[in-house]
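The values are calculated or read from the model by the stated rules, or taken from the named source; none is laboratory data. Being a predicted model, the structure only gives us computed values, none of them experimental. Glycine also receives a Cβ, built like all others from the backbone with ideal geometry; neighbour counts cover every protein chain displayed. For accessibility, only protein heavy atoms count, side chains too; no ligands or nucleic acids. Shrake-Rupley method; radii C 1.70, N 1.55, O 1.52, S 1.80 Å.
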Amino acid sequence: MVASFGDAALRGLKVVVSAGPTYEDIDPVRFIGNRSSGQMGFAIAEAAVQAGADVTLVAGPVSLPTPQGVTRRIDVRSAAQMRDAVVAASAQADIYIGAAAVGDYRPASVANQKIKKHDGAALVLHLAENPDILASLAAQTVRPFLVGFAAETHDVEQYARDKLQRKGLDMIAANQVGGGLGFEAADNALTLYWPEGVAELGRTSKTELAHQLVAKVAERYRAVRA
Ligand code: CTP
Ligand code: CA
């Protein structure tokens, strides 16, 4: 059973959703990536369309069809490309939902030829930190309502509340990864935190969770922006 939006909770609003991993190139044949299928973000984009929003989907490398009704899809590869696309799309947006698993680091330099092995010697990669997309949006004076994600293996609430505050977010969706939940799994469970509250979305399909998340985002958006 999928929750319905009788009241078209996001009608008239522009929503940007990021989804999937980012790939950070090492050389022409190798990259560093994050585990993310993009399913949760794509399900959120679809749920936002069904709630009446004009949706822009910024997708990292995933193999998923564009959900029906999404106004525009921008495909990117690296965190820097995702940041540029999200910042540009968010200039006119009311809500940004950052469901992407953005790579935290990239190789400090990209080799333009394939790196060859050298007689069993270890290879050392120097990594530079990537820009934080949510933090770039939060730093703007006019900014969309910001929703982040936090996938954690332990101390979920503590890390999620810390990210909510540190990144200046309006809401964060936290999930414990491992135990058949998160990443490639069809099911997930989320706990939503915002400055004054919390809501548990129990284990269910990513489609259903996306609908519940979007309904809560709409409710909180109306509470603080309308
Ligand atoms: N995020 C982002 N830009 C980055 C890294 C993360 O916008 N460069 C966003 C993610 O899309 C997510 C939220 O920040 O919505 C939290 O991501 P997460 O990886 O859990 O947090 P980090 O701040 O990167 O901390 P850490 O990985 O050390 O737990
Ligand atoms: Ca991270």
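Determine whether Arg72 is in contact with a Gly (Cβ under 7 Å, 6 or more places away or on another chain) and open to solvent by 70 Å² or more (accessible area, probe 1.4 Å). So Arg72 does not fit the description; no.
Name the single residue, out of those in segment 201-214 being assigned to a helix (DSSP H, G or I) and open to solvent by 40 Å² or more (accessible area, probe 1.4 Å), that is farthest from Gly52 (Cα to Cα).
Among those that are assigned to a helix (DSSP H, G or I) and open to solvent by 40 Å² or more (accessible area, probe 1.4 Å), it is Thr207.
Has segment 111-123 got at least one residue that is of a type in the set (A, V, I, L, M) and within 12 Å of ligand 1 (Cβ to nearest atom)? Among the residues of segment 111-123, not one is of a type in the set (A, V, I, L, M) and within 12 Å of ligand 1 (Cβ to nearest atom), which makes the answer no.
Find the residue count for segment 25-61, including only residues that are part of a strand (DSSP E or B), in contact (Cβ under 8 Å) with a residue 60 or more places away in the chain, of a type in the set (D, E, K, R) and open to solvent by 10 Å² or more (accessible area, probe 1.4 Å).
Here is the first cut: in segment 25-61, the ones part of a strand (DSSP E or B) are 25-27, 30-33, 54-59.
Now drop any that are not in contact (Cβ under 8 Å) with a residue 60 or more places away in the chain, which leaves 25-27, 30, 32-33.
With of a type in the set (D, E, K, R) added as a condition, the list becomes 25, 27, 30.
This time we only want the ones that are open to solvent by 10 Å² or more (accessible area, probe 1.4 Å), so: 25, 30.
Of the residues in that region, 2 qualify.
Scanning segment 56-67 for residues being over 18 Å from Ile133 (Cα atoms) and of a type outside the set (Ser, Thr, Tyr) gives a total of 4.
I'd like to know if segment 141-163 contains one or more residues that are among the hydroxyl-bearing types (Ser, Thr, Tyr) and more than 13 Å from ligand 1 (Cβ to nearest atom). Yes, some residue in segment 141-163 is among the hydroxyl-bearing types (Ser, Thr, Tyr) and more than 13 Å from ligand 1 (Cβ to nearest atom). Being open to solvent by 30 Å² or more (accessible area, probe 1.4 Å) and not in a helix (DSSP H, G or I) holds for only one residue in Leu10, Leu64, and it is Leu64. Within segment 92-106, being touching a Ser or Thr at 6+ places or on another chain (Cβ under 6 Å), more than 9 Å from ligand 2 (Cβ to nearest atom) and not aliphatic (A, V, I, L, M) holds for Tyr96, Gly98.
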